[in-house]
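The values are calculated or read from the model by the stated rules, or taken from the named source; none is laboratory data. Here the structure is a predicted model, which is why all the values come from computation and not from measurement. As a convention, Cβ positions derive from the backbone with ideal geometry for all residues, glycine included, and neighbour counts pool all protein chains shown.
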Amino acid sequence: MADVVLFHHVLGLTPGIEGFAELLRAGGHTVHTPDLFDGARFDTLEAGVHHASRELGFGEVIARGTRAVEGLGPDLVYAGYSMGVLPAQQLAQTRPGAAGALFIASCVPVAEFSASWPAAVPVQVHAAEADPEFVDSGDIDAARELIGQAEQGEMFLYPGGAHFFADSSTPEYDAGATDTLLARVLQFLGSH
């Protein structure tokens, strides 16, 4: 079974993120959920982005993610939801031994962290097909580039435009899309 580190989005380590981690654990996987915000939670995307970008800085968010895995072995699947993709992607690209990567609602250009995606690291990207945070910001293009470099890469787009569709503690939650996402993630984790 896989050893997963799941980094939360800008709303913080919400009950929905913890609930998603529990679903992965029920599938037999070990899941670590570091709190990059030291307990802070936010009700809106804007408030969370302000905290992450202005109060902490995205560099500090990534550094906190790196520190969170220091005591863990190298054979990890790095998973991130939205902002959590920053440390997940950086670690998947630069920390030796990555077993896989799972990105939800975000993707960063590969060149941000290294010259190329490590081809042997399997990756899945999941997002709502009309999410402006994913589509209009260029994340979808970054995801296509990344998938093109990976030996095993897949991108899945779900109906609608909700950014937090897979977080059951938000009003945007979509149970059907999350069930499909979860099934794909569990299959991915079971094969790597």
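Condition test on Phe188, is it more than 16 Å from Leu6 (Cβ to Cβ), touching a Leu at 6+ places or on another chain (Cβ under 9 Å), outside any loop (DSSP other than H, G, I, E, B) and not charged (D, E, K, R)?
Spelling it out, it is not the case that Phe188 is more than 16 Å from Leu6 (Cβ to Cβ), touching a Leu at 6+ places or on another chain (Cβ under 9 Å), outside any loop (DSSP other than H, G, I, E, B) and not charged (D, E, K, R).
Scan region 102-139 for residues that are touching a Phe, Trp or Tyr at 6+ places or on another chain (Cβ under 6 Å) and either part of a helix (DSSP H, G or I) or not hydrophobic (A, V, I, L, M, F, W, C) (or both) and the total you get is 3.
Yes or no: Val49 modelled with pLDDT of 95 or more and of a type in the set (Val, Ile, Thr)?
Answer is no for this residue.
Among the residues of region 84-128, those identified as within 18 Å of Ala2 (Cα to Cα), surrounded by fewer than 21 Cβ atoms within 10 Å (Cβ to Cβ) and of a type in the set (A, V, I, L, M, F, W, C) are Ala99, Ala120. Checked against (1) surrounded by fewer than 19 Cβ atoms within 10 Å (Cβ to Cβ); (2) touching an Asp or Glu at 6+ places or on another chain (Cβ under 7 Å); (3) part of a loop (DSSP other than H, G, I, E, B), Pro171 passes all but a single condition, namely (2).
Listed here are the residues, each with its yes/no results for (1) at pLDDT below 95; (2) small (Gly, Ala, Ser); (3) within 22 Å of His29 (Cα to Cα).
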| position | (1), (2), (3) |
| --- | --- |
| Gly80 | no, yes, yes |
| Ala120 | yes, yes, yes |
| Phe134 | no, no, no |
| Asp141 | no, no, no |
| Thr170 | no, no, no |
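Screening Gln187 on (1) surrounded by 14 or more Cβ atoms within 10 Å (Cβ to Cβ); (2) under 20 Å from Val77 (Cα atoms); (3) out of contact with any Phe, Trp or Tyr (no Cβ under 6 Å at 6 or more places or on another chain); (4) of a type in the set (S, T, N, Q) shows it passes everything except condition (1). Restrict the check to region 41-52 and report whether at least one residue is more than 27 Å from Glu129 (Cα to Cα), charged (D, E, K, R) and over 16 Å from the mean Cα position of the chain (by Cα). No; the residues of region 41-52 include none that is more than 27 Å from Glu129 (Cα to Cα), charged (D, E, K, R) and over 16 Å from the mean Cα position of the chain (by Cα). Any residue at all in region 152-159 that is hydrophobic (A, V, I, L, M, F, W, C) and assigned to a loop (DSSP other than H, G, I, E, B)? Within region 152-159, none of the residues are hydrophobic (A, V, I, L, M, F, W, C) and assigned to a loop (DSSP other than H, G, I, E, B).
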